[in-house]
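Structure record follows, encoded as structure tokens.
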Amino acid sequence: MTAQRLISDYPHQVAGHCGSGALRDLMQWARLSYDDTPLDEGTVFGLAGELGFTYLRHPAMSPPIYLVGRGPDLTGAFTRRLGITATQHATDDPDEGWAWVRDELDHGYPVLCWADIAHLPYLRVRLSMSRHDIVITGYDDHTATATVVDNDRADPQPVPYDALARARHSTGFPAPTRHTT
């Protein structure tokens, strides 16, 4: 088993939204576009057709409201509309979930995952939001860290395995992450 893997040529730009930014980066990495110009984030969001509006008011949240401007299946809608084969895996077994990630990385593929922002140490937030899209581009067993690309950070972030496991196994708002890739 490989002890270290990093996709060093993964393109990334800061994005306005986690899902459309991750898909934009993945499309550029795969060299999928309509011409020589990579798709921009707005085009990815538009092609997904997942514009939506959700308003939740709950006294236990601070602030007591939560607004979402996208539909719940941005990635699925995007890949279906463009005829891209994508498989979603989910499990409650952390070892199985991590094995899926490692296998894809060992084959040279970045992995889009759900994570709870409250457990990602570089974000320093209190709000639990479990449907945050991140892309894992590497791992290092010697330092017990994964390399994560996120929409609001310009550089890849090292995330300890234990923090990533918590983020990928969250039962927080709005739904369990279930180690989804």
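The values are calculated or read from the model by the stated rules, or taken from the named source; none is laboratory data. Here the structure is a predicted model, which is why all the values come from computation and not from measurement. Counting neighbours? That spans all protein chains shown, and the Cβs are built from the backbone with ideal geometry, glycine included. When the accessible area is computed, the model is the full protein with side chains, heavy atoms only, and any ligands, DNA or RNA have been set aside. Shrake-Rupley method; radii C 1.70, N 1.55, O 1.52, S 1.80 Å.
Taking Cα centroids, how far is the stretch 125-152 from the stretch 1-46 in Å? Answer, in whole Å: 15. Shown here: Rg/Rh (Cα atoms, Kirkwood Rh), derived from the displayed model; of the candidates (i) 1.02; (ii) 1.11; (iii) 0.95, it corresponds to (iii). What the chain shows is 54 Å² of accessible area per residue, with the surface traced by a 1.4 Å probe over protein heavy atoms.
Over the stretch 92-181, the Kirkwood radius and the radius of gyration, each from Cα atoms, give a ratio Rg/Rh of 0.93.
Tally Lys and Arg at +1 and Asp and Glu at -1 over the other residues with C-beta under 15 Å from the C-beta of His169: what net charge comes out? Working shown, then result.
Details: positive: Arg131, Arg166, Arg168, Arg178; negative: Asp92, Asp93, Asp95, Glu96, Asp116, Asp162.
Local charge sum for His169: -2.
Quick one: dipole size for the chain, taken about the Cα centre, charges +1 on Lys/Arg Cβ and -1 on Asp/Glu Cβ, in debye to the nearest 20.
Charge dipole of the chain: 660 debye, to the nearest 20.
Protection proxy ranking, highest mean first, for peptides 24-36, 141-153: 141-153, 24-36, where packing is the per-residue count of other beta-carbon atoms within 10 Å, averaged.
Just want to confirm a number: the relative contact order over the chain, from Cα pairs under 8 angstrom separated by 6+ residues, in percent.
Numbers: 350 pairs, mean separation 45.7, N = 181.
Rounded, it is 25 percent for the chain.
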